[in-house]
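Have a look at the structure below before the remarks.
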Amino acid sequence: MTLDTSFLDTDLFRWVFMPLLIFLARMCDVTLGTLRNVFISKGLRHIVPVIGFFEVLIWLISMRQIMQHLDNVMCYISFAGGFSMGTYVGLKIESRLALGVQVIRIITSQDSVQLIEALKHENIGITVIDGQGAMGPVKIIFTIANRKDIEIIRRLINTHNPQAFYSIEDVRAANQGVFRRGEEDGKTMDYVRRIFNYSSQK
């Protein structure tokens with residue numbers, strides 16, 4: 001029994017299917033590369049080699065097809081398009097995963113009692129410090145929260161103290177603290193950490 005390869009020699013395969021396959025392959029390997037960099041920054045080191053293996057494997061497959069079809073301009077376009085789409089998809093996946101924790105610094109010269117009580121009501125751990133700003137005394141509120149809770153904190157700030165200045169930065173590691181999370185969410189994140197052998201106390 002011989003395999004019919006006549007379709008591989010058609011213009012339909014050459015100008016449509018081959019560029020589409022290259023586009024998909026490139027999108028996958030760039031998506032994996034984006035996630036690999038994110039996982040490295042979050043300390044998820046044990047999954048990174050696995051992602052790197054498949055990233056390079058897919059890249060080699062797509063490059064082999066490019067080298068075999070150097071006279072096909074659609075392959076170049078699909079290769080570049082796959083890179084752009086892979087970057088976009090990788091960032092979208094990373095934003096949905098919302099891994100890690102972030103520190104928020106809130107500085108306000110207005111009455112911050114309602115904001116502080118609202119943060120406590122959401123079980124968000126805070127540290128309040130009296131400070132001196134350019135225009136007089138201020139309250140400095142520090143909190144470390146899971147990334148998925150950042151939007152909740154921002155809404156509380158905009159509701160109770162919209163004139164407050166705040167900054168947000170990534171935190172590589174955090175030990176102890178009070179974090180807002182439900183019972184089911186806690187179980188899910190503990191499961192994820194066990195898979196990746198990830199500990200927030202590194």
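The values are calculated or read from the model by the stated rules, or taken from the named source; none is laboratory data. Because the structure is a prediction, the values reported are computed rather than measured. No Cβ is skipped: glycine too gets one built from the backbone with ideal geometry, and neighbour counts run over all protein chains shown.
Candidates in segment 41-50 are the residues that are of a type in the set (Val, Ile, Thr) and touching a Phe, Trp or Tyr at 6+ places or on another chain (Cβ under 7 Å); of these, the one that is modelled with the lowest pLDDT is Ile47. In this structure, Arg105 qualifies as of a type in the set (Lys, Arg) and in a strand (DSSP E or B). Close contacts from segment 66-77, counting a first residue that is at pLDDT 90 or above and a second that is among the aromatic types (Phe, Trp, Tyr), with Cβ to Cβ under 6 Å and a gap of 6+ residues or different chains, come to Met74/Trp15.
Scanning segment 163-175 for residues that are assigned to a loop (DSSP other than H, G, I, E, B), surrounded by 13 or more Cβ atoms within 10 Å (Cβ to Cβ) and under 23 Å from the mean Cα position of the chain (by Cα) yields one hit, Ala174.
Would you say Phe7 is in a helix (DSSP H, G or I), modelled with pLDDT under 90, more than 30 Å from Gly125 (Cα to Cα) and in contact with a Phe, Trp or Tyr (Cβ under 9 Å, 6 or more places away or on another chain)? When the stated conditions are applied, Phe7 passes them.
The residues of segment 117-162 that are under 23 Å from Arg96 (Cα atoms) and part of a strand (DSSP E or B), listed by number, are Thr143, Ile144, Ala145, Asn146. The residues of segment 11-66 that are surrounded by fewer than 19 Cβ atoms within 10 Å (Cβ to Cβ), more than 18 Å from the chain's Cα centre (by Cα) and among the charged types (D, E, K, R), listed by number, are Asp11, Arg14, Arg64.
Please determine, by comparing only the residues of segment 86-102 that are in a loop (DSSP other than H, G, I, E, B) and among the hydrophobic types (A, V, I, L, M, F, W, C), which one is surrounded by the fewest Cβ atoms within 10 Å (Cβ to Cβ). The residue in question is Ala98.
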